[in-house]
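Novice: For reference, the structure I am asking about is given below.
Every number in this text was worked out from the coordinates using simple rules, so none of it is lab data. Small disclaimer: the values here were computed from a predicted structure and weren't measured. Backbone-built Cβ (ideal geometry, glycine too); neighbour counts: all protein chains shown.
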Amino acid sequence: MFGLKKDIGLLRDTLKKETGLLRDSIQKLMDGNEQRETKEREALSDGLQEIREKMGHMEETIGKHDMTIEDMLDEWEELHETQHREMESVQRQLMLKQEKELKDYAGRESALLDMTILAWDQIYTLRNAAEQAKDASWVQQLKMAENLLREKAIHLGVERTGTPGEPFSYDIHEPMMRVDTDDPGKDMTVAAVYTPGYWYRGNVYRKAQVEVYRMKNVEVEA
């Protein structure tokens with residue numbers, strides 16, 4: 001009996017000891033799991049924090065790049081506008097320069113044309129005077145000068161009109177006097193020239209002042 005109680009006591013002690021050991025193991029396991037979970041949570045938290053920091057850095061970097069791109073676009077647009085204004089300014093200056101050059105050219109052209117016509121008129125007047133004076137030497141010299149001037153004038157686009165015997169035309173002649181004639185072949189032709197007329201590049205620059213032959217029986221004056 002006594003031996004049975006002893007065995008039961010030993011069994012109880014053993015069970016208590018084993019139960020304590022099991023409890024300790026369970027507690028340690030639980031503590032280990034908790035520590036491991038804590039470490040995992042901490043690691044996850046650290047990872048998340050690192051991700052947040054990296055995201056923040058990326059956002060900051062992207063923001064800087066965006067600002068840089070915007071600055072570059074603004075600078076490019078400003079440069080484009082500046083170049084556009086400069087081009088417009090250069091074009092205006094070129095246009096003004098061309099207009100001035102054209103005006104200067106037109107002025108020089110007109111002056112040269114007037115000078116050519118004046119010289120031709122003077123030679124024409126002197127030649128007529130020399131012919132009336134029957135000064136053959138002067139007539140010859142003046143004809144040579146007139147021919148030389150005619151060559152230069154034609155090269156410039158100037159041609160003279162108004163020659164006795166040519167058909168009369170209101171487009172190029174200005175009738176100053178009527179001359180009666182019995183010859184039908186002379187009707188409406190130039191009888192005499194007071195002042196020659198001139199063409200310039202295909203256009204009438206000045207009409208010739210002339211006398212016009214008309215048949216005696218024609219009542220309408222030229």
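Novice: Name, by its number, the condition in (1) more than 49 Å from the chain's Cα centre (by Cα); (2) farther than 21 Å from residue 210 by Cα that does not hold for residue 156.
Specialist: (1)
Novice: Further question on the same structure: Going by what's in this entry, would residue 213 be described as under 22 Å from residue 118 (Cα atoms), touching a strand residue (DSSP E or B) at 6+ places or on another chain (Cβ under 8 Å) and of a type in the set (Phe, Trp, Tyr)?
Specialist: no
Novice: If you scan the stretch 170-217, which residues turn out to be on the phi > 0 side of the Ramachandran plot and over 46 Å from the mean Cα position of the chain (by Cα)?
Specialist: 188
Novice: Go through the stretch 114-222 and tell me which strands (runs of 3 or more DSSP E), entirely inside it, have 3 or more residues that are touching a His at 6+ places or on another chain (Cβ under 9 Å) and surrounded by 12 or more Cβ atoms within 10 Å (Cβ to Cβ).
Specialist: 208-215
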